[in-house]
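Below you'll find the structure, written out as structure tokens, and then a few comments.
The values are calculated or read from the model by the stated rules, or taken from the named source; none is laboratory data. Only a predicted model underlies this, so the values are computations on that prediction, with no experimental measurement involved. Reconstructed Cβ throughout: ideal geometry from the backbone, glycine too, with neighbour counts over all protein chains shown. Calculation scope for accessible area: heavy atoms of the full protein, side chains included, ligands and nucleic acids excluded. Shrake-Rupley method; radii C 1.70, N 1.55, O 1.52, S 1.80 Å.
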Amino acid sequence: MANSLTQTQVNQSKTLMLFILAMSLSGLENLVAEIIPEFQIGPIELGISSFIFIPLVLVILFDNIWVALAAPIGEIVFADLILGEFGGLGEFEEVILLTMGLYLAGRLVKDVASRKQLIIAALVGFGFTELAGTMIDIGKVWIGIEQLEAVPGLPESIVALEGIDFLVEFVITGIIFGVLPTLYFVPRLYGKLEPMLGIKPREIDDSRNPLPIAVTIGAVIAVILGTTVAFISEMGINIIEWEADFLDKFGDNFIWVPIGIAALVAVITFILAKNGKTKEAKASQEG
Amino acid sequence: MENIMKRLNKISVENIKLEIMRTTFGNRDTFLSQLDPRVLMFWYLIFAIFPWFIYDKIVLVALLAFVTFIAAISKVSKVIIFLLCFGIASEIICYGIVAYFLGGGLEAFLALIGLTMKLATISLASIAIFGNIDPERLSDALLSWGVPGQITFAVSFGYRMVPVLIEEYNNIINSFRLRGKSPEHKGFLYWRQLLHMLKIAIYAFYPLIFNTAKRTRTTVEALEVRGFSYALQNKEVKKLKLAYLKIRLKDIAFLAGSVSYVIFLMIIVK
């Protein structure tokens, strides 16, 4: 009994350590990225939105959900609250998306020494978060402005801008500040950082399915929830009069936005899970 | 133009560090900082959600004015306000220009002003509130709402750590620059110089990660020595820790006053 209590306490303090480490580092990284001047043309930022490699590297090294969760929370605490960019309930969506993207990245890596896996993990982790975020952004502006359709040219301009923004983000933040530094940092930190926290370095683990079914289902539910909450907060619909008023105002199409995003997530995760499984099957056949 | 350049020159890393230091450690004597943190967060929630319900421009202007007043009496940092205004202005102008080329004209511009006012109201409310809550009080408020103790501790710890970490990062970058050799040819549009700086900015995280890991471990060990994890699970300890949080008449008056102002606005418009 006493033994199990100490065991949980040891685990708790390790979790606490990981959480604080990931939170301070990703918060700092975000703050630095905010401070670095960027060339901004309205919503399109030709700059660094974050040094995304910091949370990516940590989540790949530790493969822990708390590390993934710490990154968006660090961003909120350090950068958003202090600089006054806290988006209210909209941050909820960011927490879910970024946590999922990072956790996905950590799970995708089975062998820390494999460069290919690192590249894929970094791209998927960032790409997922950014793509879902862009879609939600388009939806937000689309619905946030009354009679948007009445203003010719505005819907197209918003979609065009957000699309370009996504591409720019993906190249600058995702590749230059995501993939490349990840490739530099992971081999250098592996086996050095973990002992400092009293944690065993990750071992090569081929047998594991990258995405257990529970995670997939959880992800889909989380995305539906997150997107819906984000939309509610952005539109300010009256929850009590949900059905009657809401659909009249925004049309039936709205409901497809969260469902569509969720479906996309489901498809991606299933494809990834399937790949993992076929590889597993092959490995077991050969073995 | 000269005036703008002067202002821009004021924004340096050193200055921002000072501003952040002031935001996280200063502002203890303002009106808002004396209120109960739970009331403040609740107030913020009202002003973060409510603007989205409103499409009437007059109400939005009145709300924005009210929040601006609150921000003004709570001594919000000027640099942060400047950054906020700059961002909002450039965003409006850009959407306007693109919409104009795609055939929207002035109407598109007007349609966006409502949205921008909503965003500005929410941002100002957030700056006023979170610049004035003491980090410990913020984390205690979260704890009293049932957020896990690990997270609330991390929040207040993080708040305190920011200036230290920025200082350290800045020092590492400076020593990199002292020891390193910057490129001889600047290149077209200084791209070599920029690349050099960005590389340093990335490499500087390497020692920082180890330093932070070491510091984190020391902190957590110190916490555990004093029974932090154990205390988290103990209801008595939590009660004792949160005993000082009391909602007083001042808090109720502030909240009631704000809410009645909003209701008053709604009635007048209707």
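A compact table of results
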item: Area hidden from solvent between B and A (accessible, protein heavy atoms only, 1.4 Å, total, Å²); result: 6100 Å²
item: Of B:LYS78/B:LYS241; A:LYS14/A:LYS200; B:LYS78/B:LYS246; A:LYS192/B:LYS214; A:LYS192/B:LYS181; B:LYS75/B:LYS250, pairs whose Cα-Cα distance is over 23 Å; result: B:LYS78/B:LYS241; B:LYS78/B:LYS246; A:LYS192/B:LYS181
item: Extension reserve of the B:SER175-B:ILE268 stretch, reckoned as 0.36 nm per residue once the Cα distance is removed; result: 27.3 nm
item: Net +/- balance of residues flanking B:ILE70 in space, Cβ distance below 15 Å, scoring K and R +1, D and E -1; result: +1
item: Region B:120-185 - Rg and Dmax from Cα coordinates, angstrom; result: 18.4, 58
item: Most to least accessible of B:GLU91, A:GLU91 (protein chains only, probe 1.4 Å); result: B:GLU91, A:GLU91
item: Gain upon complete extension [B:VAL61, B:CYS85; 0.36 nm per residue less C-alpha separation]; result: 7.1 nm
